[in-house]
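Let me begin by presenting the structure, written as structure tokens, before commenting on it.
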Amino acid sequence: MSRLLPFFPALFVLLWSTGFIGARYAMPHAEPFTFLSLRYALALAILLPVALFAARTHRTTLPALAHAAFAGSLIHGAYLGGVFFAVRHGLPAGIAALVAGLQPLLTALIAHGLLGERLQRRHWIGLGIGLCGVALVVAPKLGTGAAFGPATLIPAVFAVMAISLGTVWQKRFVGVVDLRIGTAAQYAGALLPTLMAAVFFETGHVEWTGEFVFALLWLTLALSIGAVFLLLVLIRRGAVSRVASLMYLVPAVTALMGFALFGETLAPVQLLGMALAAGGVAAATGALGRLPLRRGT
């Protein structure tokens with residue numbers, strides 16, 4: 001695995017960016033929490049036999065599993081649930097993306113307070129440049145004219161706070177858990193709040209079209225399992241603030257995918273934003289790809 005580690009950050013960004021494309025295909029056919037419940041249940045069904053097999057040789061305590069489940073409820077349940085809820089109820093996608101752009105800065109602050117991570121000046125400068133780049137990438141989407149207020153903005157802010165805290169929690173309390181077992185526990189923790197929200201606030205209606213099934217399978221296999229596994233490996237072997245800064249590249253890569261798949265235009269200001277985001281990530285991550293793999297990962 002050590003030979004492939006330098007490619008993990010780029011592969012993670014690529015896979016994570018497809019999540020927004022997949023959501024575009026899936027959302028017309030199911031309500032947000034219903035879709036997330038199906039996605040997490042399918043991921044858990046796939047991962048549970050793998051986790052049980054791993055448990056034969058990797059002993060895990062109940063407190064460690066509880067920590068993993070709590071981290072999953074924040075990273076997957078609260079984050080995606082909050083963003084989907086906000087967008088579905090009127091928050092412009094550009095505003096949601098801009099709010100999500102606060103995650104690396106917020107994660108760095110939480111990691112500094114809870115983990116004692118120290119960032120050099122160039123890392124803070126990189127985080128600031130990256131945020132400016134994200135703002136430029138999503139700028140053309142900000143003038144949508146859609147009405148929004150605290151009812152939609154608060155869930156989006158809550159979502160960003162949740163994934164930031166969940167990432168730090170994963171690093172602090174779940175680092176020793178086998179990745180296969182920990183990931184399964186994460187989705188058990190994520191499934192509970194999304195399923196409760198689907199039961200109490202949604203109808204549960206699903207249109208089982210080919211487009212929906214493809215989106216469900218892709219988001220489950222490529223993101224919920226593939227991308228999240230890469231994310232957990234990166235968190236385990238590096239500083240969470242540097243790993244979180246990779247999120248700055250997601251809006252740019254998503255915009256390029258939208259251009260290629262849906263013919264969406266790319267304004268010059270977006271191209272400038274992509275360059276700034278890439279430069280900011282390069283400064284903020286530093287030697288992320290060159291850090292040695294820690295024993296047990």
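Once the other residues with Cβ under 12 Å from the Cβ of Glu117 are scored (Lys, Arg +1; Asp, Glu -1), what is the net sum? Walk me through the numbers before you get to the answer.
Values: positive: Arg118, Lys171, Arg172, Arg242; negative: none.
Around Glu117, the charge tally is +4.
Kirkwood-type hydrodynamic radius, the chain: 19.4 Å, calculated from all non-identical alpha-carbon pairs.
Please give the peptides 52-64, 206-218 ranked by average Cβ packing (other Cβ atoms within 10 Å per residue), highest first, as a rough proxy for protection. Before the final figure, lay out each step's value.
Working: 52-64: 12.0, 206-218: 14.4.
The packing order, highest mean first, is 206-218, 52-64.
Look at the alpha carbon pairs under 8 Å that are at least 6 residues apart: their mean separation over the length of the chain gives a relative contact order of 39 percent. Computed over the alpha-carbon pairs of the range 1-90, the distance histogram in 10 Å steps reads 12, 34, 36, 16, 2 percent, short to long.
Amide H contacts of Glu117: His112, each under 5 Å away and 5 or more positions distant or on a separate chain (H built 1.01 Å from N in the peptide plane; Pro and chain starts excluded).
How long is the gain from Ala260 to Val157 if the chain were fully straight, where each residue apart is worth 0.36 nm and the alpha carbon distance is subtracted? Intermediate values should be presented prior to the final figure.
Numbers: separation 103, 0.36 × 103 = 37.08 nm, distance 2.99 nm.
Length gained, Ala260 through Val157: 34.1 nm.
Roughly how compact is the range 132-267, stated as its Cα Rg over 2.2 N^0.38 Å to two decimals? Spell out each step's value before the answer.
Numbers: Rg = 17.6 Å, N = 136, 2.2 N^0.38 = 14.2 Å.
So the Cα radius of gyration is 1.24 times the expected 2.2 N^0.38 Å.
Can you give me the C-alpha center-to-center distance between the range 56-92 and the range 162-241, rounded to a whole angstrom? The range 56-92 and the range 162-241 have Cα centres separated by 6 Å. Here the sum of -39500 (n - 2.57) over DSSP H runs of 4 or more residues, divided by the residues of the chain, equals -22500 deg cm²/dmol at 222 nm, to the nearest 500.
Taken together, the values in this text are just the output of simple stated rules run on the coordinates, not laboratory data. Computed from a predicted model, the values in this text were never measured in an experiment. All Cβ positions, glycine included, derive from the backbone under ideal geometry; neighbour counts span all protein chains shown.
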